[in-house]
Amino acid sequence: MDRYKKEFMSGVDVSKRELKELKEAFKQDKFKELFKEYVDEVNDPENQALYEKELLQLEKERGVDSTFLRPTPGYVIKTSVENDCQAFINVCYNEKIERPSSVRIVKDGKEGDNWSVPHVFGKGRMEINKEKVEILVYDVLFHPMALDLAHRNPEFKNLVNDTAMTAVEDGDKVKLDRRNARIAKSSFVGGKFPCLLRKKSDKEKSPDVWEMPGYPYPPIEKDVAPVVKEIGDRKMNGRYTTPNYVIKERKGVDISECRLSKDAKMMAAIPEELVIEIPLPLLRSANDANLDVREKCLSLVSEKPAKYKLEITLPYVVDDDNGTAKFDKDRKILTVTLPVRRKKYDHDFHREDSGIDSDVTHNEASNRSSSEEELNYACNLDDDEAPPTELIERLSEEVKEVFLDPCPCLHHALLNGHHEIGQVLHGSSRQKH
């Protein structure tokens, strides 16, 4: 839809000052009357016939035979373009188009008819329906015989429908939703605009006229062969159409995240809500679809009036009990809002010890207390009394460890009693001798 808006506005060169003047002019009744007279004059059938006659004469002088083909209503195919907006294909007829023809052929041992269905494609245009919604309208013209065969033979009608949708996709470079294409109730949608069919004239052109500059179309240098395309049975992958979707992350401004603290930005990159927008151009209301939301996934299924199926893996764990869904009937968009479940972290970053460190400290403290008791026992012994050999060896090793990796508590105790330890060690060595 945006592409058509850009194409429509590409030929309009209007400044802001001119738009402001037009806005002010339309507030005047006299300007409205003059503008209405201009519109009536342009839409007058006599003036349109005169315009077409002059245009055909100009094309003929250029060596081009042009013909205006006015569409006669037949039936309408309703579908969507790029899963974005509704599209209507007017399957019309005009007697100036060639008749469909068939050739009897044998393929893979089976005999059948190979049909050729000539048609004319009219470029898509934007229009407004009764609900004030923008839609795309295309015209595809066939010979009346083609529509007569389509009404009598369902298989031939499928061929005509497939030909019309292929003409739209190839001519306008778009992708139609073929799975959900259906026949609308109306026979024609939008305004009736003639199609211009141009082909090179068999008569020789006048050199004087041909050399005149300023023609709107470049000359046709070579014959353009008719496009013949074989259309077979198109196999759809599955029964459902996968709609497009957009996931948006929403988060408000939290002044606490601007603090100079370690835990200020722990949740800065995690959104508060997920907003999923799903265009469903062929649905009428939210009741036409079944929506299922879980912690990490979202699924949508629709059977009527269109077959849609969607499975989405969400980037965050959401609160599926407190989500909301809203269907915009004008834009045909389903909006699902889901709050994100945030993890809870321990914000105590300033404690000195963890649980494991406390256990280690407790064990070290108990070891120090036992060493101090043994040291006091050795220092309080009488001169005649010798300490056990195991105690002397263990205290000697602890003395070495103190000076290699001093501990404040044990180091202080050893400094207070170093004379007694020296006497104990000296006495034990004398007894051994």
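The values are calculated or read from the model by the stated rules, or taken from the named source; none is laboratory data. Since this is a predicted model, take the numbers as computed values, not measurements. All Cβ positions, even for glycine, are placed from backbone atoms using ideal geometry, and neighbour counts span all protein chains on display.
Scanning the stretch 114-124 turns up no residue that is farther than 21 Å from LEU69 by Cα, part of a strand (DSSP E or B) and under 29 Å from the mean Cα position of the chain (by Cα). Taking the listed residues LEU50, LEU69, the one that is of a type outside the set (Phe, Trp, Tyr), closer than 16 Å to PRO194 by Cβ and surrounded by 12 or more Cβ atoms within 10 Å (Cβ to Cβ) is LEU69, with no other qualifying. Which pairs turn up if I take residues in the stretch 326-340 that are within 18 Å of LEU282 (Cβ to Cβ) and look for partners that are of a type in the set (Asp, Glu) with beta carbon separation below 8 Å, at least 6 apart in sequence or on another chain? If the second residue must be of a type in the set (Asp, Glu), the pairs left are LYS329/GLU131; ASP330/GLU131; ILE333/GLU277; LEU334/GLU277; LEU334/ASP328; THR335/GLU277; THR335/ASP328.
Do we find that MET126 is in the same structural domain as VAL81 (by TED's automatic domain parsing), under 25 Å from PRO279 (Cβ atoms) and either acidic (Asp, Glu) or at pLDDT 90 or above (or both) in this structure? No; evaluated as a whole, the condition is false for this residue. The combined condition, being at pLDDT 90 or above and over 44 Å from the mean Cα position of the chain (by Cα), is fulfilled by LYS30. Filtered by the rule that a residue be crowded, with 17+ Cβ neighbours inside 10 Å and either modelled with pLDDT of 90 or more or within 19 Å of VAL246 (Cβ to Cβ) (or both), the stretch 292-308 gives VAL293, LEU298, LEU300, SER302, TYR308. Of all residues in the stretch 129-144, how many are more than 18 Å from TYR75 (Cα to Cα) and either surrounded by 15 or more Cβ atoms within 10 Å (Cβ to Cβ) or not assigned by TED's automatic domain parsing to the domain that holds PRO71 (or both)? Residues flagged as more than 18 Å from TYR75 (Cα to Cα) and either surrounded by 15 or more Cβ atoms within 10 Å (Cβ to Cβ) or not assigned by TED's automatic domain parsing to the domain that holds PRO71 (or both) within the stretch 129-144 amount to 2.
Restricting attention to the stretch 106-123 and to residues that are in contact with a Ser or Thr (Cβ under 9 Å, 6 or more places away or on another chain) and at pLDDT 85 or above, the residue that is surrounded by the most Cβ atoms within 10 Å (Cβ to Cβ) turns out to be VAL117.
For the stretch 243-257, the condition of being touching a Ser or Thr at 6+ places or on another chain (Cβ under 6 Å), touching a residue at least 24 places away in the same chain (Cβ under 8 Å) and among the aromatic types (Phe, Trp, Tyr) holds for none of the residues. Filtered by the rule that a residue be among the polar types (S, T, N, Q), modelled with pLDDT under 85 and in a helix (DSSP H, G or I), the stretch 49-73 gives no residues.
On the given criteria, is THR79 modelled with pLDDT of 90 or more, surrounded by 13 or more Cβ atoms within 10 Å (Cβ to Cβ), in a strand (DSSP E or B) and not hydrophobic (A, V, I, L, M, F, W, C)? Taking the combined requirement at face value, the residue satisfies it. Kindly establish whether SER354 is touching a helix residue (DSSP H, G or I) at 6+ places or on another chain (Cβ under 8 Å), on the phi < 0 side of the Ramachandran plot and modelled with pLDDT under 90. The answer is no for SER354.
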